[in-house]
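Any read-out appearing in this document is the output of simple, stated calculations on the displayed coordinates, not a laboratory observation. All values reported here derive from a predicted model rather than from experimental measurement. Quick reminder, even Gly has a Cβ in these numbers, built from the backbone with ideal geometry, and neighbours come from all protein chains shown.
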Ligand code: FDA
């Protein structure tokens, strides 16, 4: 097959938030770019799609107040935002199935456990502040903090099981989407520091603050529209060759010769491309120590938001339920002229997701809806539309929400995360510092990498 030959200053692999941010920045600095995207759409882990007549946020959707770069891009694109619905009482389900209504951040777990949760959060806030998010591997105790599983560290701090289960929930199932025994204290502190502290992770009103009218994929769609024909869809990159003077990037249809390439992919996908020369040994090792978490984002659409009639906000948590957290995800009809039906979104993470995917789709749906019913009552059993976002089955993603290191990996290889290899640069939310695992981090690392590339050209 004949390939089209293209020459640009910079080739960018991946049209997610990182790649599009890099391309936008380079263009603004006067450089020519091309973005090669494997899928037939832009946005990567941002995808607003209509399923059985219901518009749904399949991927990322919420903006927290600290996501300054994302907020600036949203404003620049002329998009508007609105607050997530949160009026009324939240629901907590205890290990014995007892359902309690509450307001505020701390779950109703009894005075002793509550005090212990507050103490552990303060301790984690302090450590996250010390470690920071830009280079946690440089902390004097980095190796020690990276050698201990988060559950083990919690066990050494407290003998209050309920407090430990709840603190583990905020960073395990809810963020890294891995069991809290499978990542280290250092990795947990990076997650917390990247969001401004452990207290931020605990605060759903902070982390899940605002939504974009029309859906968060409007951001990559808006950026791509400005880049026009320089974004090429259906172009999975197969080969990257760096001869020192120039780098050549090829898909089945296109061969691009450029001064630099920015690989804007999650780490697990990097080695699906062949590199000549091969990537350095420490980078190959590093890539093998980073993996995606596993979470099912469940959407259940009802004829109306029935939980609001009962004075519920829709916000629900339990470390003991299959659905460990759930929210009212109804579109704001004042801001968005979209679906007026009531939508709940829930999350099933790590070992629960493993277990449920061994069942038939019908059995999985039944168990998930039963879990939603534990929070909202029997009416939750019969949605009009039911859908599971299944990012682990997506060829060009492979999990959700993002990648993290296994125990010991961050201290060993963190310093190599953002180091260039010849003319090759790496940028994705998975290797960002501030905004790690989030859209803000993707936009930041795309912008910063582009600025460094522009300065080097
Ligand atoms: P991303 O994975 O988006 O982009 C990489 C791109 O590269 C993809 O488009 C892919 O198709 C393409 N690609 C892969 N291999 C290729 C190849 N060989 N050649 C060419 N192209 C290739 N964040 C947040 O801020 N708020 C939130 O509420 C959430 N919630 C959330 C929920 C769910 C279910 C998910 C999956 C994720 C989130 N996130 C989130 C995280 C957020 O969506 C994520 O961090 C960023 O969108 C990642 O953007 P990147 O550009 O870094 O990678």
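Largest first and in whole Å, the equivalent-ellipsoid semi-axes of region 343-457 read 39, 16, 12, each the square root of five times a Cα gyration tensor eigenvalue. In this label model, residue 288 and residue 252 are separated by 3.0 nm, measuring between points 7 Å along each Cα→Cβ vector. Mind listing P(r) for region 294-393? All alpha-carbon pairs, 5 Å bins, whole percents. Binned Cα distances yield the sequence 3, 13, 26, 25, 17, 10, 5, 1, 0. A straight chain from residue 238 to residue 161 at 0.36 nm per residue would run longer than the Cα-Cα distance by 22.9 nm. On a C-alpha basis, how far is the centre of region 353-412 from the centre of region 54-93 in Å? Whole number, if you could? Measuring centre to centre over Cα atoms gives 21 Å. Footprinting exposure proxy ranking of 331, 137, fewest other C-beta atoms within 10 angstrom first, gives 137, 331. Expressed in units of 2.2 N^0.38 Å, where N is the residue count, the Cα radius of gyration of region 100-165 is 1.30.
Distance between the C-alpha centres of region 415-457 and region 103-144: 27 Å, rounded to the whole angstrom.
The tail of the calculated P(r) for the chain beyond 37 Å holds 25 percent of all Cα-Cα pairs. Between region 286-340 and region 229-252, what is the C-alpha centre distance in whole Å? Spelled out, the Cα-based centre of one part sits 38 Å from the other.
DSSP finds beta bridges in the chain, and of those with both partners inside it, around 65 percent are antiparallel.
From the P(r) of region 47-194, can you give the percent of Cα pairs sitting at distances over 22 Å? Pairs farther apart than 22 Å: 55 percent. Kindly list the residues of region 428-452 that lie in the label zone of residue 28, defined by a backbone N under 16 Å from the point 7 Å along the Cα-to-C-beta vector. In region 428-452, the label zone of residue 28 (backbone N under 16 Å from the point 7 Å along Cα→Cβ) covers 440-452.
Per the helix-only calculation at 222 nm, which mean residue ellipticity applies to the chain, given -39500 (n - 2.57) for every DSSP H run of n ≥ 4 and division by its residues, nearest 500 deg cm²/dmol? Taking each H run of at least 4 residues, the total per residue is -10000 deg cm²/dmol. For 273, 191, 381, the sequence from fewest to most other C-beta atoms within 10 Å is 381, 273, 191. Stretched out straight at 0.36 nm per residue, the stretch from residue 451 to residue 143 would grow longer than its current Cα-Cα span by 107.7 nm.
From the P(r) of region 137-200, can you give the percent of Cα pairs sitting at distances over 19 Å? Counting pairs separated by more than 19 Å, the tail of P(r) holds 26 percent.
Full extension of the chain between residue 181 and residue 80 yields a length gain of 32.4 nm, computed as 0.36 nm times the residue separation minus the alpha carbon distance. Within region 39-103, the ratio Rg/Rh, alpha carbon atoms throughout and Rh by Kirkwood, equals 1.10. The ranking of 211, 447 by Cβ neighbour count inside 10 Å, starting from the fewest, reads 447, 211. Here r is the Cβ-Cβ distance between residue 303 and residue 134 and R0 is 56 Å; the resulting FRET efficiency, rounded to 0.05, is 0.70.
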